[in-house]
Amino acid sequence: MERTADSKTSLRIAIQKSGRLTDKTIDLLKGIGLRFDDYKRNLLVKCRNFDVELLLIRDDDIPEYVQDGVCDLGFVGANVTAETGANVSVLRDLDYGVCRLSLAAPKDGDIQTTEDFDGKTIATSYPKLTRDFLDKQELNANIVTISGAVEVAPRLEVADAIVDLVSTGNTLKANGLQELNTILESETQLIRTNKELSPGKKELIDKFLQRMDGHQQAERSRYIMMNAPKKAVPKIKDIIPSLNSPTVMPLADEDMVAIHTVIPIDQFWIVMEKLKAEGATGIVILPIESMIL
Ligand code: ATP
Ligand code: ZN
C-alpha cells in the first residue's frame, strides 16, 4: 500500500529542523495556539492540542516531501521550492526568511555586467535556477554546484562568480563581491501537497489557515483606547481606518467619551498624530493576540 500522509488523520507539517527558518516557524505555530513537546530532539513531534504533527527535516527536503504527500503542508523558502521544481501549491506568503538569489562577482574583476558572465564559471547551490537564468539571458557559463560557503569560491579560484542567497549583502561585501543581478526574490511560504486529501484533512487545513490569518492580521494591528471630546467624535471616526465602527462610550465628564478601536500598524503614527490634533488624550495602545473576522 502506498503510504502517504493522508493515510493518517493528523495533519503532517514539514518544518526546517535547524536553521534560519526554524525559530520563526515555531513562534508562528505557537502564536496560533499549538503546543508541542520538545521539538529540538525529535524528528516527529505531536501537537498536544491540535491534530497536527511536525516533521523536522532539512529545508532542501521539504518541497519533495510535500509533493509526494509524505507531509500535507510545509514551511519553506520560495527559493528551495523553485530550485526543486516540486509540484506543490503555495497557500500563503509569509514575511520572514526574506532574501534574494543573486549573481555576484569580485568587485574589481573583469565581470562588471551580466554579459560578462559568458564563458565564465559560476559556483552555486542553486544549479537549476542559475541554469534557467543563464538560458533566458542566452549566456553560456559553466556551473559548479557546491553545497556551502559559496561566497569564498572566487577567492579559492574555484569559480569566477557566484549565485547565492543574499539578505543584507554584508557577506558579499566581506568577501569582496558585488551583486550584479537578482535571479529570484524569496520569502518563506506555506506550501500544500497537490495530492488529493480526505475531507477531514481539508477541514483541518482550513482551520489551520483561519488561525494563521487571524494571527497575521492581529500582528499587523493594534488595539487603541483614548479619551476625546464628544464633539470631536465625527472627525475621529473619519480619521480611524477601522475595520469596524469604533466603540464610543460615555465618561463621567459628559463632554468627553472613551473610544476603542483597532487600527493597522502601518498607519499607526499618522493616525496617532491626527487624533492628538483633534484633542484625543490618554491614548493607550495594546497588542492583539488574534482576530477573527
Ligand atoms: P538545512 O540544514 O536545513 O539545509 P540551510 O543551511 O540550507 O539549512 P539556512 O541557511 O538555514 O539553510 O537557510 C534557510 C532559508 O532561509 C533559505 O533557504 C532561505 O529561504 C532563507 N534565507 C533568508 N536569508 C538568507 C540568507 N542571507 N542566506 C541564506 N538563506 C537565507
Ligand atoms: Zn538547506
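Every number in this text was worked out from the coordinates using simple rules, so none of it is lab data. In this text the structure is predicted, and so the values were computed from the model without any measurement. FYI the Cβ positions are ideal-geometry reconstructions off the backbone, even for glycines, and counts take in every protein chain you see.
Relative to the first principal axis of the alpha-carbon coordinates of the chain, what is the inclination of helix 127-136, with its axis defined by its Cα atoms, in degrees from 0 to 90 and to the nearest 10?
90
In nanometres, what is the gap between the two model label sites at Met225 and Leu43, each 7 Å from Cα along Cα-to-Cβ?
5.1
Can you give me the long-range amide H partners of Val262? Hydrogens built in the peptide plane at 1.01 Å from N, cutoff under 5 Å, separation of 5 or more residues or another chain.
The list, which skips near neighbours in sequence, is Ile224, Leu243, Asn244.
Taking Cα centroids, how far is region 27-78 from region 174-223 in Å?
Going from one Cα centre to the other spans 13 Å.
Sort the chain into rounded, prolate or oblate with this rule: let a ≥ b ≥ c be the square roots of the eigenvalues of the Cα gyration tensor; rounded if a/c is under 1.5, and if a/c is not under 1.5, prolate when a/b is larger than b/c, oblate otherwise.
Judged from the Cα gyration tensor, the chain comes out oblate (a/c at least 1.5, b/c at or above a/b).
Take the residue pairs Lys46/Lys195; Lys40/Lys173; Lys231/Lys274 and return only those whose Cα atoms are more than 26 Å apart.
Checking Cα-Cα distances, Lys40/Lys173 exceed 26 Å.
Per residue and in Å³, how big is the convex hull formed by the alpha-carbon atoms of region 221-287?
73
Have a look at Leu34, Leu73, Leu54 and report the one farthest towards the positive end of the charge dipole of the chain, computed about the Cα centre with Cβ charges (Lys/Arg +1, Asp/Glu -1).
Leu34
Quickly rank 20-26, 160-166 as a protection proxy: mean count of other C-beta atoms within 10 Å, highest first.
160-166, 20-26
Of the peptides 180-188, 264-272, 38-46, how do they stack up when ordered by the mean number of other Cβ atoms within 10 Å, highest first?
The most tightly packed comes first, giving 180-188, 264-272, 38-46.
Scattering from the C-alpha atoms of region 156-293 alone, worked out with Debye: what is log10 I(q)/I(0) at q = 0.13 1/Å?
Taking Cα atoms of region 156-293 as identical point scatterers yields -0.78.
Can you figure out the FRET efficiency of Asp68 with Asp110, using R₀ = 45 Å and their beta-carbon distance, to the nearest 0.05?
Rounded to the nearest 0.05, the efficiency is 0.50.
Assign one of three labels to region 99-185, namely rounded, prolate or oblate, based on the Cα gyration tensor with a ≥ b ≥ c the square roots of its eigenvalues; rounded applies when a/c is under 1.5, prolate when it is not and a/b is larger than b/c, and oblate otherwise.
It comes out rounded by the Cα gyration axes.
Quick check for me: using +1 on Lys/Arg Cβ and -1 on Asp/Glu Cβ, what's the dipole size of region 99-185 about its Cα centre, in debye to the nearest 20?
Dipole about the Cα centre, nearest 20: 300 debye.
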